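Comments concern the structure below.
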Amino acid sequence: MSSMKLLSFPFLVFSKIVRSMGAMEVFEMSQVSARTLNLLNLARIPVRKVHVVNGITDAIFVYEHGSFTKTEFLIHFLKNPQTIVGQIKTNNVSIDIWLVQRSSSFEKDVRENIIRLNSNQFGYGLIHVLTHLDKIFFRIDIAMGIEHTTLVSMRGILCHSIFKKCGYLQFRGETETLSNEDCNYVLEKTEPTRGITIFCKLSSDFNYERILNFSRLRVPNVGNMTLQNLKNLDSEIANLGNHHFKEADINEFLHHWLKGNSRKLRRLKLDGFKEEPDWDALLKDISHKEWNETERGRHYKIKYTSEWETIDCKRGRDFKDKDGRLATVNFWIFWFGLIDFRKNLTDINRQENLLSWGSTTMKNEP
């Protein structure tokens, strides 16, 4: 049987075929010729989410269309030299390939397609691979995980415009301290649109106002964040840990919310309380009542970035703000936070918020 020449098909047919292909197949096909690459660019192949990490591991993850958990293929920059088996060409720059590993239904131990490259090529290779992926797919949505110890070496790399496509940013390095200068530089170069996580410690003079406007905000070590910073929070979902807030501070914040402020906030999680709060102090001068299933549902389902979480709000203490928005404050064994039920309430379709209290270990998110 003779083979079919894909490029001989009418462009509409070609487009439908390549849109149904896997990301690894499309990436390999883009290596055939400049003409093929141009046709792939015109085919408007669906958006792919791309996750970049550096430090202990230097890698680029490309996820399945519509997913941020299922990897289609991985480009791994290895630190230990291996035998060169070929090259990939991106923007007329050749990058050595050490291994191409393809998964199949017969290889149970292989979970994904992997292209292994030289870690010494990570600096310029990262830019060329990302710009190449940006040509192949209609649009790429980048999430960056930057190790604090690499910030100096990453400065020149982050100047490239491809990083303006960054939707989510993560600073890594729990024992390192993030300065205002480093934070501002990376934020200026990447301009994340969706959210930010900071695992590092924060400098004593850290400018919290710089990060309070992100839709998703996670800072396990907020350090010296003030009550005024908390009131200025403009996030939808915020996970804050190792804070210094007391019941009186939370009470003042709740009164701030009752006046109609913090309109975007759907959930505030305060991680770090060791025991159940003094409810009289926390709810001072706030009219509240026990959960009533006729007014709100018991469960709330929410997604920070990629994983859904369902929270049982049965034991909440409910109250309303001046506009009638319903909120509930609750204490779990370890944590406290705020959630808004208006979009994903599982039991009842009603506008609500959840305020909770605690210190659980947070999951790593992309």
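Brief remarks on what is shown
- In percent, rounded to a whole number, the relative contact order of region 199-270 is 31, using alpha-carbon pairs under 8 Å and six or more apart.
- Segments 316-322, 194-200, 179-185 sorted - mean Cβ within 10 Å per residue, highest first: 194-200, 316-322, 179-185
- Packing-based ranking, highest mean first, of 253-262, 217-226, 32-41 given that Cβ atoms within 10 Å are counted: 217-226, 253-262, 32-41
- Label-reachable residues, region 29-51, where backbone N falls under 19 Å from a point 7 Å from residue 5's Cα toward its Cβ: 29-40
- A Förster radius of 41 Å, combined with the Cβ-Cβ distance separating residue 280 from residue 175, puts the computed FRET efficiency at roughly 0.55.
- Here the accessible area is traced with a 1.4 Å probe on the protein chains. For region 131-231, carbon and sulfur cover 47 percent of it.
- Charge-dipole axis of region 162-204 as Lys and Arg at +1 and Asp and Glu at -1 on Cβ define it, positive-most pick from 199, 180, 167: 167
- For region 210-273, the C-alpha radius of gyration divided by 2.2 N^0.38 Å, with N the number of residues, is 1.01.
- The gain in end-to-end length when the residue 33 to residue 165 segment is fully stretched comes to 44.9 nm, 0.36 nm per residue minus the alpha carbon separation.
- Förster radius 22 Å - calculated FRET efficiency between residue 288 and residue 232 (Cβ-Cβ, nearest 0.05): 0.30
- Using the alpha-carbon positions of region 1-57, Rg (one decimal) and Dmax (whole number) come out as 14.0, 49 Å.
- Equivalent ellipsoid semi-axes, region 13-98, via Cα gyration tensor eigenvalues times 5, rooted, Å: 24, 18, 10
- In region 106-226 the Cα-Cα distances spread across 10 Å bins starting at 0 as 12, 39, 30, 15, 3, 0 percent of all pairs.
- Listed residue pairs exceeding 24 Å between alpha carbons, taken from 246/289; 16/135; 164/301; 79/201: 164/301; 79/201
The values are calculated or read from the model by the stated rules, or taken from the named source; none is laboratory data. These numbers come from a predicted model, not from an experiment. Here the Cβ is made from the backbone with ideal geometry for all residues, glycine too, and neighbour counts use every protein chain on show. What goes into the accessible areas is simple: the full protein's heavy atoms, side chains included, and nothing from ligands, DNA or RNA. Shrake-Rupley method; radii C 1.70, N 1.55, O 1.52, S 1.80 Å.
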